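The values are calculated or read from the model by the stated rules, or taken from the named source; none is laboratory data. No experiment lies behind these values; they were computed from the predicted model shown. Cβ atoms come from the backbone with ideal geometry, glycine included; neighbour counts cover every protein chain shown. Side chains are part of the model used for accessible areas, which takes the heavy atoms of the whole protein and leaves out ligands, DNA and RNA. Shrake-Rupley method; radii C 1.70, N 1.55, O 1.52, S 1.80 Å.
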Amino acid sequence: QVQLVESGGGLVQAGGSLRLSCAASGNILSFDSMAWYRQAPGNQRELVARITSGGRTNYADSVKDRFTVSRDISKRTMYLQMNSLKPEDTAVYYCNAERWTGSSWGQGTQVTVSS
């Protein structure tokens, strides 16, 4: 079972930045893709950004041009750089990894953006 551990969440003012990290217990190239999801109270979990094993990325329209997903293969870590944060970005952010054997999820990290 893959272990995913998120870190980097916190409280920030609108317009500020945060960088989330997701550390994996194994080689991240063994995953078909890794992704960041978020879930705000009362809302469904939604995809924020994804990076494939080949390095292709895609983003939710709501975060394009503000968020950047990246990875450091040697550190087995995926990142989410979040700039120009808005109150509506407030949510618990989850790391996800997909491969043919199934999905793995982290425990989540809280991001709160104050207005």
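Annotations
- Yes/no for Ser62 being open to solvent by 40 Å² or more (accessible area, probe 1.4 Å) and either assigned to a loop (DSSP other than H, G, I, E, B) or hydroxyl-bearing (Ser, Thr, Tyr) (or both): yes
- Selection within the range 74-115: residues that are part of a strand (DSSP E or B), open to solvent by 70 Å² or more (accessible area, probe 1.4 Å) and over 17 Å from Asn43 (Cα atoms). The member of this set that is modelled with the lowest pLDDT is Arg99.
- Taken residue by residue, the range 3-21 has no member that is of a type in the set (A, V, I, L, M, F, W, C), open to solvent by less than 20 Å² (accessible area, probe 1.4 Å) and assigned to a loop (DSSP other than H, G, I, E, B).
- Candidates Arg71, Arg45 - the one that is crowded, with 18+ Cβ neighbours inside 10 Å, touching a residue at least 12 places away in the same chain (Cβ under 8 Å) and touching a Phe, Trp or Tyr at 6+ places or on another chain (Cβ under 8 Å): Arg71
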